Every structure is written in C-alpha cells, then in structure tokens.
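The values are calculated or read from the model by the stated rules, or taken from the named source; none is laboratory data. Note that the structure is predicted; figures quoted are calculated from it, not measured. Methodologically, a virtual Cβ is constructed for each residue, glycine included, from the backbone with ideal geometry; neighbour enumeration extends over all protein chains shown. Quick note on the areas: whole protein, heavy atoms, side chains included, nothing else; ligands and nucleic acids left out. Shrake-Rupley method; radii C 1.70, N 1.55, O 1.52, S 1.80 Å.
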Amino acid sequence: MPDQKNGRRRFLQRALAAGGALLLSGCDQLSRSNWFTRMLDSAEKLTFGAQRLLLPRKAMAQEFTAADLSPDFRSNGTSNPANPLYQALAANRFADYRLQVGGLVAQPRTYSLDDLKALPSRTQITRHDCVEGWSAIGKWGGVSFGSFLRQVGADLSAKYVGFKCADDYFTSIDMPTALHPQTVLALTYDGQPLPPKYGFPMKLRMPTKLGYKNPKHIQAIFVTNTYPGGYWEDQGYNWFGGS
Ligand SMILES: Nc1nc2c(c(=O)[nH]1)N[C@H]1C(S)=C(S)[C@@H](COP(=O)(O)O)O[C@H]1N2
Ligand SMILES: [Mo]
C-alpha cells in the first residue's frame, strides 16, 4: 500500500495548502471516506491543542473596580425571548423555571432559581468584548461554574459543555474554560437579578471569551464529547472565541 499512502500524503498536503476552501467544498466522496474524516478530526484536535498552548491554562482575565463600571452597559442580540414558554415562565415570575442539566453527568436533574441562589456565589467586575466592535465593563454575580459541574457529577474529562437558550441561541465551550475560576453562571448584574436584556434568568459569564460565547436566557446545559457547535460559530465565527 505504500503508493496509496504517498498519494494520500500528497493529497493531504494539497488539502492543507488549499485550506478552508477545500473543506467548504462539501465533496461527498471525501466526507464518505473514513480517512479523510479522521484527518479533519485530527486537524481540529491540532487547532484545539495549539490554542490551548497559546496561553497558560489558567490565565486570568483582568478584573476591575467599581470605578471602572460602564455607566450604560449595552445589551446585544435577544433582549426578551419571544418563545411562548419563556413568556409563560415570565408571567409567573419564573417560579416554574427549571434549568435542565444533562448529558455526561452522574445524575441528570433540574434546578429551580432558588436551588441556584442557594449555591455559593462569587462576584466579579470584568470586561465584555463583542466582535461587533464594542466593549463594556460590568459586574456579574453567580455560581462558580466549575463547582456547579462538580456538584452535578459532570464527567470533567468530557470535551464540551453545551448550552441551549430560550431564543434558540446555542453555543458550546471546552471543558478547561468551563472549569476556569472566572467562569460564572451569572444570576445578577450590578447586584440586581439579571435583567431580561442581559439574559434573565441566567447567562454564562466568561471574561476569557468573546461576547457571542456567553449564552443568555439559558434553558439547558449538557456535557458531551460530541461537538455541539453554536449559533454564530456554525456561521463561521471562531469556535474557541477567546483565550
Ligand atoms: N441567548 C442569547 N445569548 C446571547 C446572544 C443572543 O442573541 N441570544 N447574543 C450574544 C452576543 S453576540 C453578545 S455580545 C452578548 C450580549 O450580552 P448582553 O446583552 O448581556 O450585553 O450575548 C451573547 N449571548
Ligand atoms: Mo456580540
């Protein structure tokens, strides 16, 4: 088989040289070929590994003081999901809201807002950077996501944590980011319950990630080894989206 191997190697070199263009051509025969899929898979792992190498694993995002708070923190994307279920929950002041936690966790379960409020919380003042060209500094409080994942018995060796939102937005993050000490399941903004425009009942606040990686109006969280993608990520935004 050496000939075939060489052929493959040459093809691979051409494929890598052609970069994304070839990958986007959506050639059926290629995607049906096992070795090509494996190549894509390892290419993704390579990027993943390289990105993790760029910065030390636990690099902390800068934290600020109350004096740095942006007077008028912007809201972007959905401010009040039109989803009838969300509106019904809102009508009852979210007494019936249940966050679903599933996938690779010891015991899939749901959390009411009171359950979440009872967990140890942390507050941090950090900067949010939106790729549309604005940044603002805000103060978020909530549950350390790492301790939350440990509490639900998440498989911490899994690759991804995925999020489904009330407005059909979705995104996913890598496990090291999920366990980062500044990654917070935010329930408050500036000491008040998160207003709808900032993602009530909760958003995942990650100062190490760009705005679009921070899901608002979260309904479900799942731990998985299957790449979940994301709303903007599936349209070409960088999946890693930060440090
Ligand atoms: N559910 C949901 N989450 C979302 C979005 C959205 O439209 N829906 N927009 C994203 C983008 S692009 C940004 S910049 C931030 C905006 O967060 P903010 O409204 O709290 O400023 O939310 C992110 N999370
Ligand atoms: Mo954004």
Region 88-122, residues that are within 16 Å of A186 (Cβ to Cβ), open to solvent by 80 Å² or more (accessible area, probe 1.4 Å) and part of a strand (DSSP E or B) = S121
request  = With the checklist (1) more than 16 Å from ligand 1 (Cβ to nearest atom); (2) in contact (Cβ under 8 Å) with a residue 12 or more places away in the chain in hand, flag the one item A118 doesn't pass.
outcome  = (2)
task = For G241, state whether it is over 29 Å from P84 (Cα atoms), touching a helix residue (DSSP H, G or I) at 6+ places or on another chain (Cβ under 9 Å) and within 16 Å of ligand 2 (Cβ to nearest atom).
result = yes
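Would you pick out the residues in region 36-72 that are in a loop (DSSP other than H, G, I, E, B), modelled with pLDDT of 55 or more and open to solvent by 70 Å² or more (accessible area, probe 1.4 Å)?
Passing the criteria: R57, K58, M60, Q62, E63, T65, P71, D72.
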note = Inside region 73-87, the number of residues satisfying the requirement of being away from ligand 2 (no atom under 16 Å from the Cβ), touching a residue at least 60 places away in the same chain (Cβ under 8 Å) and open to solvent by 60 Å² or more (accessible area, probe 1.4 Å) is 3
inquiry  = It is to be established whether one or more residues within region 140-159 are among the polar types (S, T, N, Q) and within 18 Å of G242 (Cα to Cα).
reply    = no
ask   = Is there any pair linking a residue in region 215-235 that is among the small types (G, A, S) and in a strand (DSSP E or B) to one that is open to solvent by less than 30 Å² (accessible area, probe 1.4 Å) and more than 9 Å from ligand 1 (Cβ to nearest atom), with Cβ under 8 Å and at least six apart or on different chains, and which?
value = A220/L99; A220/V101; A220/G102
message = Return the residues of region 123-152 that are open to solvent by 30 Å² or more (accessible area, probe 1.4 Å), in contact (Cβ under 8 Å) with a residue 12 or more places away in the chain and outside any strand (DSSP E or B); say none if nothing qualifies.
response = V131, E132, S147, Q151
ask   = Looking at F200, F170, which is the one that is farther than 18 Å from R74 by Cα and either within 16 Å of ligand 2 (Cβ to nearest atom) or at pLDDT 95 or above (or both)?
value = F170
message = Restricting to region 88-115, count the residues that are under 21 Å from the mean Cα position of the chain (by Cα) and free of Cβ contacts under 8 Å to residues at least 12 places away in the same chain.
response = 1
